């Protein structure tokens, strides 16, 4: 009994000793943090999205406060309002932040049109490792929601077609969803863009027609219809230069001339009617 009490007493003394050592070390070796860092961090959206190029909001707050060369305008989700506040606190000049939003470049339903039934991990990257994914179109959205789970602003959800749908009111343009997509189906686009291409396929037209009702067939009609050379064909896919389109075009005739109707105006909401193979506005 006495030996047990002795052991407990020794352990208690050892614990007390090391506790005092740690307390002393914590006080002696403590590094004082600039209080302005916490003020700046509180202003940031706290999305931890990494769009600024730093590992979270605290890391960016430290960098923008301590490094005179770090811009106060790197927080994309915070947009102009946050940039101006950070600039005022740090004594820097805020640069213009161009708004951007996520665009899903696929309108082929994720359900159906499949090569096989996938029953693995609910993750798009995991599914894409097996024969480039379950969908017949190897460039289309897999539909398992990896992008949705990455969105910290609740701006994405899977719709009735099995495709991610963007809530433009909530989307901050941070780009985490685009990074999470193994097929590069999601891209960031200016809200001022007149025309967007809702297809990601690089297959030739004959292949696209067989597996997708709403895919770019690479016909080049949109290229010929654009008087400003804002559209080019790259690897069988129409690519729009939004900067030219925004600056020069106020009547995007390419949208109406596109046979499969994969060109759309980004600002309006369109639904695809499978019975007629057309968009309904």
Notebook entry, point to check: Residues of the stretch 23-63 with amide nitrogen under 18 Å from the 7 Å Cα-to-Cβ point of residue 149?
Noted result: 49
Item checked: Ranking of 265, 187, 90, 6 by count of other Cβ atoms within 10 Å, fewest first -> 6, 265, 187, 90
Next item on the list: Rounded to the nearest 10 degrees, what's the angle between the helix 57-66 long axis and the longest principal axis of the chain, both from Cα atoms, 0 to 90?
Entry: 70
Checklist line | Principal-axis tilt of helix 79-90 within the chain, Cα atoms, nearest 10 degrees | finding: 30
Next item on the list: Round to the nearest 0.05 the FRET efficiency obtained for residue 136 and residue 46 when R0 = 45 Å and r is the Cβ-Cβ distance.
Entry: 0.65
Notebook entry, point to check: Between residue 160 and residue 34, what FRET efficiency follows from the Cβ-Cβ distance if R0 is 30 Å, with the result rounded to 0.05?
Noted result: 0.05
Next item on the list: Quote the FRET efficiency, to the nearest 0.05, computed for residue 250 versus residue 96 with a Förster distance R0 of 22 Å and r equal to the Cβ-Cβ distance.
Entry: 0.45
Item checked: Normalised contact order of the stretch 112-270, rounded percent, pairs of Cα under 8 Å and 6 or more residues apart -> 19
Item checked: Shape call, the chain: gyration tensor on alpha carbons, a/c limit 1.5 -> oblate
Next item on the list: Going by C-beta contacts inside 10 Å, put 38, 194 in order with the fewest on the left.
Entry: 38, 194
Checklist line | Degrees between helix 2-28 axis and first principal axis of the chain (Cα, 0 to 90, nearest 10) | finding: 60
Next item on the list: Divide by every residue of the chain the summed helix terms, -39500 (n - 2.57) for each DSSP H run of at least 4, and state the resulting mean residue ellipticity at 222 nm, rounded to the nearest 500 deg cm²/dmol.
Entry: -9500 deg cm²/dmol
Checklist line | Inter-site label distance for residue 80 and residue 192 at 7 Å from Cα along Cβ, in nm | finding: 1.1
Checklist line | Segment residue 184-residue 68, extension gain: residue separation times 0.36 nm, minus the distance between their alpha carbons | finding: 38.3 nm
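Read the figures in this text as sums done on the coordinates, not as results from a lab. This one's a predicted model, so the numbers in the text were calculated from it and none came from an experiment. Cβ: placed from backbone, ideal geometry, glycine included. Neighbour counts: every protein chain shown.
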